[in-house]
Structures are given as C-alpha cells and as structure tokens.
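Engineer: My questions will all concern the structure given below.
The values are calculated or read from the model by the stated rules, or taken from the named source; none is laboratory data. These figures come from a predicted structure and were not determined experimentally. Cβ atoms come from the backbone with ideal geometry, glycine included; neighbour counts cover every protein chain shown.
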Amino acid sequence: MFKRIVLLGPPGAGKGTQAKLLAAKNGLAHLSTGDILRDEVARDTELGRKAKGYMNRGDLVPDGLIIDMIKGRLAEKSGFILDGFPRTVTQAEALEKILSIDVAINITLSREEVISRLSSRRVCRKCGKIYNLLYNPPKNEGVCDACGGEIFQRDDDKREVIENRYDVYMEATAPLIDFYEERGLLKDVDGSQPTEKVSEDILAVLGR
Ligand code: AP5
C-alpha cells in the first residue's frame, strides 16, 4: 500500500480536490505548497511577502524558499500526499535527498480544460473547500456548504495569469514526468473524468 505520494499535473487538474479526498479517507497528511504559501501571504509573513509577487503573476516561487519551507514539514510524516511539490527538477532532487516516495501520480488535463476549470473555480476562505461554478457550485451563492464561510476567487485564477501558469507548468514542471518515469514511479490518471472516477482510478493505483 503506497503511503508517500506525489501528485503531479497541470494547474487545475484536480490535485487539491483529490488530495483532500484521499487524505480524509486514508489518514494521510495533505501538504499543499500552494495552500501553505497562500497562508503565509494572508499572515503577511516574511516568506509571504517574498512569494506574493511570483504567485500573483503565476510564476514559480524560487526553489530555495520552497525547499526550506517544505523540509521541516516533511520530517516527521510517515504517510503524506504532496500537492504542488516538487515542481522543478531541482525540487525533485532535493526531495530525493530528504526521503523516498512510493509513487508519483500524474493527473492529466488539456490546456483548454485547465483554462475553463480555473476560470470557474471558487474556494472557501475559511475551510478551503474547493468549488466550481460549472461542475459543483455551492448551494447558496457565495456561501460555503460545509462551514458557511465566504467563497472567493483566487487572485491567480484570472485568465492571463492562468495562461502563464500553464506555460510555466509546461516549461518547468512537465519535465518531472520523465524524471519519475525513469525511476519507475510514474502512474498516469485521466483527470478529465468526473471527480469520483478520478478518485477511483487513484485508489486503484495506490492498491486500495
Ligand atoms: P498551487 O496552489 O499549487 O496551484 P496549481 O498547481 O496551479 O494548482 P491549482 O490549485 O490551481 O489546481 P489543482 O490541480 O489543485 O486543481 P483543483 O483541485 O483546485 O500553486 C499556486 C502558486 O503557488 C503557483 O503558481 C506558484 O507561484 C506557487 N507555488 C506553489 N507550489 C510551488 C512550488 N513547489 N514551487 C514554486 N512555486 C510554487 O481543481 C480546479 C477546479 O476544477 C476546481 O474548481 C474543482 O472544483 C474543479 N475540478 C477538479 N476536479 C474536477 C473534475 N474531475 N471534473 C470537473 N471539475 C473538477
């Protein structure tokens, strides 16, 4: 049974959605570098101030900052899902020095679908629940079904930023597909299917 899991895939492929489901059902820690960074920005920490500009443009935050940020958080975890890390070959090499992973699941999605999904994504400010105005809108507009929190649109979910994020993904992160393939750790899952079917396919890969 795989317990140390990396989720790969373009922005909007469903990494956060699937990681939350998997973590809740299987008692694994969910480590999302995007969520950690957004929290640092919201709290106006030194790291948050350094990261904010890169994130709002859809560029990657420098490797050194990210590796320092994730190192301590990984130290005591036996089972985890890494969502949004590693994102460059340098980060993947740094991860290999910290610990080994069991599997890298690559959730695939076309550029067209990425743009459509992210333009219509909304997130709860309080509990982080992810919605989509096209596929799974909240029951009451602007209000989270789960906790009653305010629903908002991420700053980087604007069309021009989404397009840059996709280009950055193709240039800096897509090479990780070969990186993990060469190590015999890569498994593809078709992210264009309904959420429940993507979950089933991931569970099948994990041997659950
Ligand atoms: P991050 O938050 O990691 O963004 P991302 O990788 O671009 O991924 P997203 O959160 O946009 O998408 P997702 O795949 O999680 O999709 P989701 O489940 O939400 O990073 C943000 C920024 O932080 C980066 O740009 C960078 O600046 C910085 N950063 C983070 N990590 C870094 C690192 N390691 N190095 C350097 N910089 C870093 O789903 C998307 C939408 O689709 C939702 O509306 C959802 O409801 C819907 N949906 C999901 N699945 C389905 C489905 N099967 N069918 C229909 N709709 C679906």
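Engineer: In the stretch 185-201, what residues are surrounded by fewer than 18 Cβ atoms within 10 Å (Cβ to Cβ) and within 10 Å of the ligand (Cβ to nearest atom)?
Structural biologist: D190, S192, Q193, P194, T195, E196, K197
Engineer: Further, regarding this structure: Might you check whether a residue that is more than 10 Å from the ligand (Cβ to nearest atom), out of contact with any Cys (no Cβ under 8 Å at 6 or more places or on another chain) and in a loop (DSSP other than H, G, I, E, B) occurs anywhere in the stretch 63-70?
Structural biologist: Checked the stretch 63-70: no residue is more than 10 Å from the ligand (Cβ to nearest atom), out of contact with any Cys (no Cβ under 8 Å at 6 or more places or on another chain) and in a loop (DSSP other than H, G, I, E, B).
Engineer: Please state which one of A13, A92 is assigned to a helix (DSSP H, G or I) and within 14 Å of the ligand (Cβ to nearest atom).
Structural biologist: Numbers: A13 fails: assigned to a helix (DSSP H, G or I).
After ruling out the rest, the residue left standing is A92.
Engineer: To continue, here is another question. Which count do you get for residues in the stretch 86-114 that are exposed (fewer than 14 other Cβ atoms within 10 Å of the Cβ) and under 17 Å from D167 (Cα atoms)? Steps first, please.
Structural biologist: So in the stretch 86-114, the residues exposed (fewer than 14 other Cβ atoms within 10 Å of the Cβ) come out as 93, 96-100, 110, 112.
With the extra rule that they be under 17 Å from D167 (Cα atoms), the set shrinks to 110, 112.
Going through the stretch 86-114 one residue at a time, the tally reaches 2.
Engineer: So which residues in the stretch 1-44 are more than 12 Å from the chain's Cα centre (by Cα), of a type in the set (G, A, S) and over 20 Å from A204 (Cβ atoms)?
Structural biologist: Scanning the stretch 1-44 gives A29, A42.
Engineer: Please pick out the residue among S100, S120 that is away from the ligand (no atom under 11 Å from the Cβ) and among the hydroxyl-bearing types (S, T, Y).
Structural biologist: Unique residue meeting the criteria: S100.
Engineer: I've got another one for you. Would you check if there is a residue in the stretch 124-142 being part of a loop (DSSP other than H, G, I, E, B), touching a Phe, Trp or Tyr at 6+ places or on another chain (Cβ under 8 Å) and modelled with pLDDT of 95 or more?
Structural biologist: yes
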